[in-house]
Amino acid sequence: NTYMLRRVGIAASVAAAGAATLQRRAAESHAAAPAPESLAAQRPPSVVRVAPLDDPPDVTLEYFALRGLGELPRLILELTGIPYDSVYHFGTGVYKPYAPFGQLPVLRDGPLLICESGAIARHLARKACIDGGDAADKARVDMFFELAKDLTSKKSGIHDPASADGKRLPPPPPPPPP
């Protein structure tokens, strides 16, 4: 869909411009702060605004400074062009007192605070009207979302033959003869 691709391109351009501006401002104000060596670094969270700098967004997504459970919500925000702040956490645990279950990801949408990546993804899909046009479409979207979770949870069997899922896989074929 050309319209959606154009929207994604604009969102990516805005995101890049906003991120570059915030990175420059952060570098200017924290010039002496060393780069973190790991996610366990005792460092305050970093914020990237994917919205006009003069108009704070209603949506804030918080997750660790890596891909993982926060990636799907971030991709939905990017794809749909919803303005948001992205808060990247390191090893300080400053989110624990306000995160509903003491864990990330967490999404703030105005006064609403949501945790659990699946609930966040479904909330954002409803907000952006990409969750299906009718009840049957919505059910199919949920079905494929759950399938993707199942596939992701079982991929350890490919990498670890000793895992419960790995034991159910057929043995690998023998190597070809020399």
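Structure summary
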| read-out | value |
| --- | --- |
| Straight-distance crosslink candidates among aspartates and glutamates, where the alpha carbon sits under 17 Å from LYS96 and sequence neighbours closer than 8 are dropped | GLU62, GLU116 |
| ASP150-VAL47 FRET efficiency (beta carbon distance; Förster radius 30 Å; 0.05 resolution) | 0.35 |
| Where labels lie 7 Å past Cα in the beta-carbon direction, separation of ASP55 and LEU113 in nm | 2.7 nm |
| Nonlocal amide H pairs with ALA51, under 5 Å, H built at 1.01 Å | TYR84 |
| Distant-in-sequence amide H partners of GLY81 (H built 1.01 Å from N, under 5 Å) | none |
| Residue-by-residue Karplus 3J(HN,Hα) for segment 70-75, coefficients 6.51, -1.76, 1.60, Hz, glycine and proline x | x, 6, 4, x, 5, 5 |
| Modelled FRET efficiency - R0 45 Å, ASP134 with GLN103, Cβ distances, 0.05 increments | 0.85 |
| Residue-wise HN-Hα coupling along segment 97-103, computed from phi with Karplus coefficients 6.51, -1.76, 1.60 (Hz; x: Gly, Pro) | x, 10, 6, x, 10, x, 9 |
| Pairwise FRET efficiency - VAL141 versus LEU79, Cβ, R0 = 22 Å, nearest 0.05 | 0.95 |
| For segment 93-178: rounded, prolate or oblate by the Cα gyration tensor [a/c cutoff 1.5] | oblate |
| Segment 51-104 - accessible surface per residue (Å², probe 1.4 Å) | 48 Å² |
| Listed peptides 101-107, 140-146 by packing density, highest first (mean Cβ within 10 Å) | 101-107, 140-146 |
| Amide hydrogen neighbours beyond the local backbone of ALA41, cut-off 5 Å, H modeled | GLY91 |
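The values are calculated or read from the model by the stated rules, or taken from the named source; none is laboratory data. Remember, predicted model here, so these are calculated numbers, not experimental data. Reconstructed Cβ throughout: ideal geometry from the backbone, glycine too, with neighbour counts over all protein chains shown. Surface accessibility is based on the protein's heavy atoms, side chains included, excluding ligands, DNA and RNA. Shrake-Rupley method; radii C 1.70, N 1.55, O 1.52, S 1.80 Å.
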